[in-house]
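K.L.:
Take a look at the following structure, please.
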Amino acid sequence: MIQNSNKDILAKLMATENITVLHKQVPTAYFDVKSRTLVCPILKGDMSPELTDLFMGHEVGHALNTPADGWHDSVSDKGMIFKGYLNVIEDCRIEKMIKNKYPGLRKSFYSGYRDLANRDFFGLKGKDLEVLNLIDRINIHFKIGSIANVKFTDEEMVYVQRCHKLETFEQVMTLATELFDRQNELNENELESMSDIDIQDMMEDFDIEEGDESMMGDSDQQLDNDEDSDESSSSTDETESSSQEDVESSESDSSEEGEEESEEESDQDSNKSEEGEGSEKSGTKSPLDQLLDEMNKSITDHAFREKESELYKTDHDWSDPEPTYFEIKDKIKYKNYIVDFKEIDKQFSPNGDNEKGLDRTRVSKTVKEFQDSNKKIINYMVKEFEMKKAAAAYKRSWSAKSGELNMDKLHLFQLKDDIFNRVQVTPEGKNHGIVMVLDWSGSMSGTVQNTIEQASLLSMYCRRLAIPFTLFAFSDSYMRHRNYDDDFETIQKKDEYKRYGKEFEKNDTENDWTFGNLGLLEMFSDRMSNTEFTRAMENWFQLGYTIDHGYSYYYDESTTHDTNFYIPMGLHLGGTPLDHSIVVLRDYILDFQRQHNLDICSFITLTDGSSHSLFTRGSNPHIVDRKRNLTMKLGSSGYRSTTHGLLNWLKETTGCNTIGFYIKENKPKDVVWDAQNFCDTKCSAYGDEGDIKVKEFRQIATTFNDGCYDLAIIINQKKISINYDEDQLNVDQGANKGALKRALVKAGNNKMKQRVILNQFVEQMAV
């Protein structure tokens with residue numbers, strides 16, 4: 001069974017040559033010179049890997065080296081018979097060049113052509129190789145010469161050696177023309193020496209209608225070059241001249257009609273080779289000329305083109321459907337999808353339903369308590385990270401001779417060579433950066449406040465270490481309300497809202513993207529001042545509290561949150577455009593890396609479900625990144641599979657690390673199954689490995705690192721909340737020192753475990 005990954009690997013290989021390789025259900029391969037796109041037929045699933053590599057290597061060889069008029073489906077001015085010669089000679093050249101460039105293909109070419117020979121792709125069954133035309137023996141020699149022992153005369157070997165030395169397409173044209181003219185002359189001489197009966201028998205063999213005697217006579221006269229006009233009477237000359245003019249006029253009219261019909265058909269059908277051949281058999285040629293064409297024809301090339309379609313998939317296969325391609329041609333203007341934190345802050349000022357705006361006197365108390373209770377934890381984790389980083393650096397360090405003499409060892413110079421001082425070389429640490437997206441969909445209701453707190457901890461940690469970071473909430477509600485809500489007609493007219501969600505309006509039609517309502521809400525970032533950061537925490541803490549309490553806006557006086565706060569329009573929970581966020585943020589990450597000169601950039605996702613569809617058609621989506629000459633299969637259009645593919649594409653094009661947090665409801669037995677959907681892990685749900693994952697999940701979280709994420713963490717939804725109370729210890733009254741010590745250690749460990757996002761990131765970053 002041919003795997004798509006084989007094609008993808010080869011396509012990546014060819015991407016270094018500025019070529020995009022696509023697979024479609026087309027009758028023959030073709031190459032678009034302008035877009036540098038090679039379109040190949042989809043091969044059948046029962047083909048060997050060697051045959052697949054042969055086919056791909058051959059077509060890529062054409063794409064790299066053959067001009068447009070040299071492809072198999074192009075039409076030659078000299079007709080289809082000559083085109084067969086051109087095909088054979090050009091194949092010799094491009095296959096030599098591709099095998100020299102990628103020597104690993106030599107074995108595939110040998111095995112692949114042997115397979116095709118066994119399937120009689122060259123039409124050799126029952127034929128004597130020694131009587132074949134030279135062009136056919138050359139074709140067999142270069143493709144299956146090790147299998148078929150082809151004989152050549154000394155004169156013919158000159159042409160064979162020229163084939164070996166071909167470098168340019170101009171040389172191919174010259175040699176093909178010489179071989180064609182040579183074969184044509186040989187066959188004309190053979191026909192001159194044959195009797196009419198033998199010619200008639202040969203015509204029957206080729207299924208050629210003889211026509212009338214006058215046509216045969218004229219054709220014979222052409223071959224003999226016998227123009228005995230002096231012996232003819234003037235009246236006869238005039239008659240023959242008139243007749244000839246009529247014939248020529250008829251032929252001209254017929255030819256013109258044929259050309260017009262051919263042009264019309266060309267507009268309707270891309271298969272030019274069939275049109276050309278049909279034009280030549282349209283009856284404009286005499287039977288003897290048709291016979292000459294059959295004698296000149298490369299039967300091996302013709303047979304191969306006839307059987308080639310047997311390799312291609314022609315019907316729909318539900319298990320392996322035809323790829324659907326979605327192109328990214330230019331840099332995505334990610335700024336059109338990002339809602340700046342200052343714009344979000346405006347929504348918490350007096351407006352609309354929130355006539356008084358957010359009462360910060362209440363929510364600020366909550367934020368201050370959170371910051372104070374976690375300050376010691378943050379400081380501890382910063383210190384722990386520095387220790388782990390130092391230990392990791394020490395592992396990578398090495399000892400080197402300084403070149404200075406160690407005077408304490410100088411007396412040992414006759415006994416040992418090592419009398420020099422040594423220096424410990426420790427590599428410098430890496431610059432880290434973080435881009436994180438948090439799920440702002442309806443299914444997050446009930447855990448929003450907890451996830452905001454976890455994200456706030458990570459932000460506080462990054463600010464403490466001066467790590468560049470940006471944290472977005474991804475949703476479709478903000479853009480939807482800004483673009484379509486009648487209540488915001490006046491707001492819509494403002495410049496700051498006009499640009500949001502407009503980037504892909506044109507490309508939506510061309511590529512079937514569905515980016516229209518994607519909004520990346522900037523929650524926290526390193527570019528915020530301390531005051532702005534605290535205000536942002538207050539905004540999001542209030543928002544999380546309001547959402548998690550069932551959108552009830554009134555609470556008792558004991559609450560630290562605003563009693564009269566209404567969720568701003570556009571900040572309600574919405575859909576889950578995770579796939580959309582990955583695509584849009586790819587170029588953001590690249591710019592983020594360059595801006596901060598990062599060695600390591602981590603892309604973090606936090607979600608509790610699967611992304612809604614990025615694509616509107618096709619069940620086998622592929623992403624085409626022309627800027628990087630990359631084509632990647634994204635999986636099926638089903639549950640999460642496109643997310644897996646897009647994460648691999650993101651890593652391939654940016655080099656970033658990927659960390660995924662999945663908040664799962666408390667069903668421990670299903671944790672491995674959920675992980676398989678979330679990160680494509682190969683971990684088995686059965687046996688010891690599965691049992692360990694279930695046990696870890698019951699406690700708080702379990703990890704996987706063998707899927708589309710470099711690190712995937714499945715978090716128990718019921719364990720994600722953070723306890724603010726530092727003094728809460730589970731000890732009995734009158735407990736001894738040992739029990740108190742154990743309680744303190746357990747409390748400290750629980751505090752670390754509760755900060756699951758921060759804890760896991762510190763572990764990953766230190767390594």
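K.L.:
Calculate the spin-label point distance for Trp673 paired with Ser445, positioning each point 7 Å from the Cα along the beta-carbon direction, and give it in nanometres.
P.N.:
2.6 nm
K.L.:
Cross-link list Lys346/Lys633; Lys333/Lys664; Lys346/Lys627; Lys44/Lys693; Lys78/Lys127: which exceed 30 angstrom alpha carbon to alpha carbon?
P.N.:
The answer is Lys346/Lys633; Lys333/Lys664; Lys346/Lys627; Lys44/Lys693.
K.L.:
Further question on the same structure: Calculate one ³J(HN,Hα) per residue across region 45-61 by plugging θ = phi - 60° into the Karplus curve 6.51 cos²θ - 1.76 cosθ + 1.60, and present them in order as whole Hz with x for glycine and proline.
P.N.:
So the Karplus estimates, Gly and Pro as x, are x, 8, 7, 6, x, 5, 5, 5, 5, 4, 4, 5, x, 4, 5, 5, x Hz.
K.L.:
log₁₀ I(q)/I(0) of region 606-691 at q = 0.14, 0.16, 0.22 Å⁻¹, via Debye over equal Cα point scatterers, no solvent, to two decimals?
P.N.:
Listed by q, the Debye log ratios stand at -0.58, -0.74, -1.14.
K.L.:
Further question: Hey, with R₀ at 60 Å, roughly what FRET efficiency would Asp205 and Tyr686 work out to, going by the Cβ-Cβ distance, to 0.05?
P.N.:
0.30
K.L.:
Which pairs break 26 Å Cα to Cα here: Lys107/Lys651; Lys383/Lys667; Lys695/Lys718?
P.N.:
Lys107/Lys651; Lys383/Lys667
K.L.:
Ordered by residue, what ³J(HN,Hα) values in Hz, to whole numbers, does region 672-686 give under the Karplus form 6.51 cos²θ - 1.76 cosθ + 1.60, where θ = phi - 60° and Gly and Pro are x?
P.N.:
Each residue of region 672-686 in turn: 5, 4, 5, 5, 4, 6, 6, 10, 6, 5, 9, 4, 8, 6, 10 Hz.
K.L.:
I'd like the FRET efficiency for Glu185 and Lys627, computed as 1/(1 + (r/R0)^6) with the beta carbon distance as r and R0 of 56 Å, rounded to 0.05.
P.N.:
0.60
K.L.:
Now, a different point. For the pair His164 and His596, what calculated FRET efficiency results from E = 1/(1 + (r/R0)^6), where r is the Cβ-Cβ distance and R0 = 56 Å, to the nearest 0.05?
P.N.:
After rounding, the FRET efficiency stands at 0.55.
K.L.:
Shifting gears a bit: What number does region 37-113 give for Rg over Rh if you use C-alpha atoms and the Kirkwood radius?
P.N.:
Reported Rg/Rh, Kirkwood definition of Rh: 0.99.
Where a number appears in this text, it was derived from the coordinates with a stated rule and is not lab data. All values reported here derive from a predicted model rather than from experimental measurement. Note: ideal-geometry Cβ built from the backbone for every residue, glycine included; neighbour counts use all protein chains shown.
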